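To keep things clear, I will list the structure first and then write my remarks on it.
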Amino acid sequence: MPELPEVETVIRELQKEILFKTIISYSVFWNKTFVSDSEHKLNGLTINNITRKGKYIIFSLSQSFLIIHLRMTGNLLISDSMGNKKKHDRVIFVFDDNSQLVFNDIRKFGRIYHTDRPENILSRVGIDALDSRLTPNLFYGLLHKSKRNIKAFLLSQEYISGLGNIYVDECLFRAGITPFTISANIRREKAHALLEVIKEILEFAIINMGTTISDYRDAFGNFGSNQNFLKVYQRGGLPCFKCGAPIKRIWYAGRGTHYCNVCQKTF
């Protein structure tokens, strides 16, 4: 699933390419992909802004909003001109200059919501992991509201949004914290260090245009390169870069989980 760095990469490209364009038509090829409760017709609306909250992409239109979640295999792809529909294209938007934005999704889990009330979709999404308002003290306070293990806490999107399995494993490794640690047990100084690591790893991944493990592509169909810098994710059985012990891979918190049982401690 595309996580915060992948979504941010796509947004930055979309901002350069389709901002202030007007939608003149759109086609939906898989009905479950596109959900609308808006009172406004989408045709004729202009894209005034493109932002993000966690993994959700937000198009602020002239009279409504498009909220997009890529889920497991969704990709938003820019085309300079109208082309032929491809096998896994689920929605195609056509703009006033005849360029297109294509939502391609192999597994059909992605969703595009056309709504006048984005808060109905985003109300339960926690503060973005790169939001400047996410201070060390706020982060520590959120941790101490939860009795979940730290991996489940970071994956939940309820408190902090944007992190998925790849970056949670990477952040916990860098911070030296096992995924089994109860969130509320993490000391203040360790919590502050973890937040610093989260921001550093996410920002570095954005510089690298995201992580491509299987399906993720940027808005032009290109691979990210951050997979070349991962320390534990998908390295089960390989030696830890820090201590040389084999990286463990287990099923935990509903995900395949990678960690070093020497370098990462339970608090």
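Quick note: the coordinates plus some simple rules give every number you see, no bench work behind them. Everything numeric in this text was worked out from a predicted model, so none of it was measured. Every residue, glycine as well, gets a Cβ built from its backbone with ideal geometry; the counts of neighbours run over all protein chains shown.
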* For the stretch 128-259, count the residues as N, evaluate 2.2 N^0.38 Å, and divide the Cα radius of gyration by that value, please. => 1.04
* Determine which lysines satisfy two conditions relative to Lys231: a Cα distance under 29 Å, and not lying fewer than 8 residues away in the same chain. => Lys53, Lys55, Lys147, Lys151, Lys190, Lys199, Lys242, Lys248, Lys265
* Structure fact -> Residues other than Thr33 with Cβ under 9 Å of its Cβ, Lys/Arg counted +1 and Asp/Glu -1, net out at +3
* Structure fact -> Helix 165-175 sits off the longest principal axis of the Cα atoms of the chain, rounded to the nearest 10 on a 0 to 90 degree scale, by 40
* Structure fact -> Charge tally for neighbours of Ala193 with beta carbon under 12 Å away, counting Lys, Arg as +1 and Asp, Glu as -1, is +2
* Structure fact -> The answer for the net charge of residues other than Asp218 whose Cβ lies under 14 angstrom from its Cβ, with Lys and Arg +1 and Asp and Glu -1, is -3
* To do: Taking the Cβ of each residue in His258, His114 as the centre, tally the other Cβ atoms inside 10 Å and list the residues starting with the fewest.
  => His114, His258
* So, in Å, what gap is there between the alpha-carbon centers of the stretch 1-70 and the stretch 213-267? -> 31
* **Residue-span extension gain [Asn49 to Thr135] - 0.36 nm each, minus C-alpha spacing** => 28.4 nm
* Asked: So what does the Cα-only Debye profile of the stretch 4-122 read at q = 0.15, 0.21 Å⁻¹, as log10 I(q)/I(0), no solvent term?
  -> -0.60, -1.32
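Of Glu189, Glu13, Glu6, how do they rank once you tally other Cβ atoms within 10 Å and put the fewest first?
Values: Glu189 10, Glu13 18, Glu6 27.
Fewest-to-most Cβ neighbours within 10 Å comes out as Glu189, Glu13, Glu6.
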* Asked: Is it possible to state the helix-based mean residue ellipticity at 222 nm for the chain, with each DSSP H run of 4+ residues giving -39500 (n - 2.57), the sum divided by total residues, to the nearest 500 deg cm²/dmol? What is it?
  -> -7000 deg cm²/dmol
* Can you find, among Ile247, Leu230, Ser81, the residue farthest towards the positive end of the dipole of the chain? Put +1 on the C-beta of Lys and Arg, -1 on that of Asp and Glu. => Ile247
* Using 20 Å as the cut-off for backbone N distance, which residues of the stretch 1-23 belong to the label zone defined by a point 7 Å from the Cα of Ser214 along Cα→Cβ? -> 1-7
* What nm distance separates the two modelled labels at Asp37 and Asn185, each placed 7 Å from Cα along Cα→Cβ? -> 4.0
* Along Cα→Cβ, 7 Å out, is where each label goes; now give me the distance between the ones at Ser225 and Phe267 in nm to one decimal. => 3.4
* Asked: If you project the alpha carbons of the stretch 143-211 onto the principal axes, what extent comes out on each, in Å, largest first?
  -> 34, 22, 16
* Relative contact order %, the stretch 1-131, counting alpha carbon pairs below 8 Å whose residues are six or more apart -> 30
* Work out, step by step, the length gained on full extension between Arg71 and Trp30: first 0.36 nm times the residue separation, then minus their alpha carbon distance; give nm to one decimal. => 13.2 nm
